[in-house]
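Down below is the structure, laid out as structure tokens.
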2 protein chains.
Amino acid sequence: MAVTLKQIAEIAGVSRGTVDRALHDRGRVSPEVAERVRRIAEELGYHPNAVGQALARSRKQIKIGIIVQSAETPTMKIVVEGAEQAARALQKEGVEVVIRTMESVDAIQEMLYLDELMEMGIHGLAITPADDAIICEKLNEIADQGIPVVTFNADLPQSRRMCFVGQDNARAGRTAAGLMALMVAQDGKVATITGHLRNDGHRMRCTSFSEELRCIAPGIMTLPIQPCFDRDDCAYELTQHLLAEHPDLAGIYVAANGQHGVCEALREAGRDGKVRVIAYDVTPQNIDELRQGTISILIDQTAREQGSRPLMLLRDFILYGRRPEHSFCYTGITLKTRYNL
Amino acid sequence: MAVTLKQIAEIAGVSRGTVDRALHDRGRVSPEVAERVRRIAEELGYHPNAVGQALARSRKQIKIGIIVQSAETPTMKIVVEGAEQAARALQKEGVEVVIRTMESVDAIQEMLYLDELMEMGIHGLAITPADDAIICEKLNEIADQGIPVVTFNADLPQSRRMCFVGQDNARAGRTAAGLMALMVAQDGKVATITGHLRNDGHRMRCTSFSEELRCIAPGIMTLPIQPCFDRDDCAYELTQHLLAEHPDLAGIYVAANGQHGVCEALREAGRDGKVRVIAYDVTPQNIDELRQGTISILIDQTAREQGSRPLMLLRDFILYGRRPEHSFCYTGITLKTRYNL
DNA sequence: TTGAAAGCGCTAACAA
DNA sequence: TTGTTAGCGCTTTCAA
């Protein structure tokens with residue numbers, strides 16, 4: 001049996017309450033007693049029993065708020081699902097989760113939601129922040145009130161958030177480069193289509209991809225990066241032009257959305273399955289493309305985890321006082337073919 | 001706040017003990033009362049609070065035994081690590097885990113350990129079973145005493161084990177085929193090196209690989225499957241011969257151990273990085289090969305999970321009465337390149 | 001067949 | 001500064 005508070009209390013000749021206060025620095029304990037208790041706990045190898053802690057703390061009803069942007073996109077839908085799933089699990093632990101979703105990326109709307117949640121008296125906040133100074137300001141204000149803030153999917157690194165949960169885009173880009181190098185000939189041509197040139201995540205994925213590819217396969221010719229603004233119609237046209245100009249195109253790296261336009265153009269040209277396509281995220285439509293063989297490999301950002309993890313981190317902090325080890329909590333980079341979905 | 005036993009008891013006008021007995025079919029409750037209680041619980045959407053359950057049950061000290069074969073191999077070492085990690089976590093919940101490892105695959109030794117563990121009074125058993133009738137017999141005997149048995153890494157499907165935790169080798173083989181088809185030209189030559197021809201897992205990985213490859217890339221020429229008995233020296237020679245006979249060899253699928261012999265031969269012939277190599281499991285040495293670029297892609301069977309998951313499943317069953325949904329619990333098929341380790 | 005009560009390990013309000 | 005106590009939700013023993 002593991003060591004308990006009670007045992008320590010008996011050995012130290014004090015009450016359990018005192019031990020609890022001493023070990024958790026809750027004050028109201030004389031330094032000498034605190035020191036003695038801590039020493040005994042150390043010697044006995046005491047670890048608080050998480051189940052007991054959880055049960056005791058379940059008394060106070062805690063509330064966590066979560067705000068999700070662009071919730072209608074396929075990927076963010078999965079993020080929301082992950083959040084809902086976590087919310088159900090947390091409910092059984094007595095933690096209430098309030099979800100607010102918005103269709104667009106709108107700092108004003110987001111501010112309104114932030115105010116609403118704060119008024120509801122949340123004990124923690126998870127958010128996909130708009131890249132805007134007023135949001136950053138607001139998050140700092142919230143953090144300063146002692147309410148932990150976790151950003152996810154998108155980050156605001158200069159804010160006083162507790163941590164960020166999301167993908168390491170640079171690493172994802174390099175991973176894509178490694179795969180592309182494995183799949184196309186050493187003198188092949190590879191095109192890159194991205195979403196927005198000034199989106200931080202998209203840019204990171206593209207530059208890392210290009211740099212790494214140049215480094216490991218200098219013979220491969222990389223065509224200029226082209227943005228499709230996350231639109232399939234635009235990506236479709238871009239791909240048509242690419243195929244016309246470069247009939248020997250060997251691979252396409254789609255760093256953001258637009259992959260379906262790319263696939264459509266490839267099919268029309270009868271080049272699907274020939275041109276290697278690397279795209280992002282396991283969404284229902286992407287799964288179809290994978291099954292058809294038009295997309296070769298998907299890099300997944302484990303969207304579900306991006307929805308659930310922030311809530312769990314907040315719960316751990318609020319309920320158990322556990323602070324995340326790093327301020328960046330990168331979710332895995334998972335590779336999917338049609339065979340290991 | 002979620003519905004509690006107490007609330008149901010109040011509404012039903014009975015005690016908490018009675019509600020508990022009624023809802024969990026522990027007997028000693030009149031049918032009418034039981035029925036009424038169940039109805040109320042149903043209406044209120046009652047879900048037992050897992051934290052409360054765990055705390056209450058933590059009173060009885062439970063013990064789980066785990067037996068690991070071939071524990072010295074790189075992969076099984078990771079499995080053992082996973083088990084040890086889980087054991088530490090379980091210890092904090094008051095669950096004791098007894099680990100027994102053996103170097104070889106030895107049914108007699110395994111029997112001895114089984115007897116030892118049974119005498120220690122274990123409440124659950126996890127085991128990598130030797131493929132032997134007496135082990136099967138013994139496991140059935142244990143299962144019939146009401147002690148749940150989980151096989152992992154290797155299975156004994158005809159036994160009355162509760163479930164198996166491990167990789168879906170057929171799927172892994174198909175995944176490898178899909179990747180190989182993406183990496184080598186449509187008229188390339190691919191070789192398969194396996195461990196033992198009569199090892200169930202190895203065979204499954206190979207046949208699925210060949211079948212799938214023939215199906216999706218009929219132009220690819222597959223050379224006959226050759227066993228290396230999991231030995232690097234043997235695999236080294238096989239590879240040398242392969243390279244001599246087929247200077248244009250495009251890919252090698254290594255379905256079991258021996259990959260380092262393969263890599264060595266490739267390096268000597270200056271074909272490393274040219275010939276695509278798919279191998280199994282994220283072990284330290286494999287990571288090196290991946291980094292060097294000699295192995296192209298690793299298929300991981302998430303060995304760590306194979307060590308921890310069985311213990312968690314047993315804990316869930318013993319402590320919470322949760323039975324696994326399926327009798328096969330496949331761990332993921334994870335793809336690793338040097339970039340997403 | 002049922003109820004009462006103790007107890008799992010911990011927290012926190014209150015009293016001293 | 002310290003101790004006492006109630007209670008989180010559930011299981012289980014003992015009496016009735």
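Please treat every number below as a calculation from the coordinates, not as lab data. Everything numeric in this text was worked out from a predicted model, so none of it was measured. All Cβ positions, glycine included, derive from the backbone under ideal geometry; neighbour counts span all protein chains shown.
For the reader, a short list of remarks on this structure follows.
- Note on B:K63: lysines with a C-alpha under 16 Å away, same-chain residues under 8 apart excluded, are B:K92.
- Per-residue average of Cβ from other chains inside 10 Å of B:329-341: 5
- The helix-based estimate of mean residue ellipticity at 222 nm for chain A, built from -39,500 (n - 2.57) per DSSP H run of four or more residues and divided by its residue count, is -15000 deg cm²/dmol to the nearest 500.
- Compared with the rule-of-thumb size 2.2 N^0.38 Å for a compact globular protein, chain A has a Cα radius of gyration ratio of 1.24.
- DSSP bridge analysis restricted to the protein assembly as shown gives an antiparallel fraction near 10%, rounded to the nearest 5.
- Average other protein chain Cβ within 10 Å of Cβ, residues A:173-181: 4
- Diffusion constant of the protein assembly as shown at 20 °C, which comes from Stokes-Einstein with the Kirkwood Cα-pair radius and 1.002 mPa s, µm²/s: 76
- Ranking A:A89, A:L117, B:A56 by how far each Cα lies toward the positive end of the dipole of the protein assembly as shown (charges on Cβ) leaves B:A56 at the top.
- Using θ = phi - 60° and Karplus 6.51 cos²θ - 1.76 cosθ + 1.60, couplings along region A:126-140 (whole Hz; Gly, Pro as x): 10, 7, 9, x, 5, 7, 8, 4, 5, 5, 4, 3, 4, 5, 4
- Those chymotrypsin sites (Phe, Trp or Tyr not before Pro) in region A:215-262 that DSSP places in a loop and that have at most 15 other beta carbons within 10 Å: A:F229
- A simple count of charges around B:V95, restricted to other residues whose Cβ falls under 13 Å of its Cβ and scoring Lys, Arg +1 and Asp, Glu -1, yields +4.
- With the charge dipole of chain B set up from +1 on Lys and Arg Cβ and -1 on Asp and Glu Cβ about the Cα centre, the Cα lying farthest toward the positive end among the listed residues B:V29, B:Q186, B:G13 is that of B:G13.
- Candidate cross-link partners of A:K138 among the aspartates and glutamates, defined by an alpha-carbon separation under 16 Å and a same-chain spacing of 8 or more, comprise A:D106, A:E110, A:D115, A:E116, A:E119, A:D155.
- Taking a sphere under 11 Å around the Cβ of A:L114 and counting the other residues whose Cβ falls inside, with K and R at +1 and D and E at -1, yields a net charge of -4.
- Of all DSSP bridge pairs formed entirely within chain A, close to 10 percent run antiparallel.
- Inter-chain Cβ neighbour average for residues B:189-195, partner chain, 10 Å: 0
- Percent of Cα-Cα distances greater than 26 Å, calculated over region A:169-300: 9
- Distance between region A:28-105 and region A:310-336 - C-alpha centres, whole angstrom: 10
- Selection from B:S70, B:P224, B:T302, by position along the positive dipole direction of chain B (Cβ): B:T302
- Around B:A303: net Lys/Arg minus Asp/Glu count, Cβ-Cβ under 12 Å: -1
- Dipole magnitude (debye, nearest 20) for chain A, charges at Cβ of Lys, Arg, Asp, Glu: 1400
- Reach of B:K189 by Cα under 20 Å, taken over lysines that are not fewer than 8 positions away in the same chain: A:K274, B:K274
- What separates the Cα centres of region A:188-211 and region B:170-244 is a distance of 35 Å.
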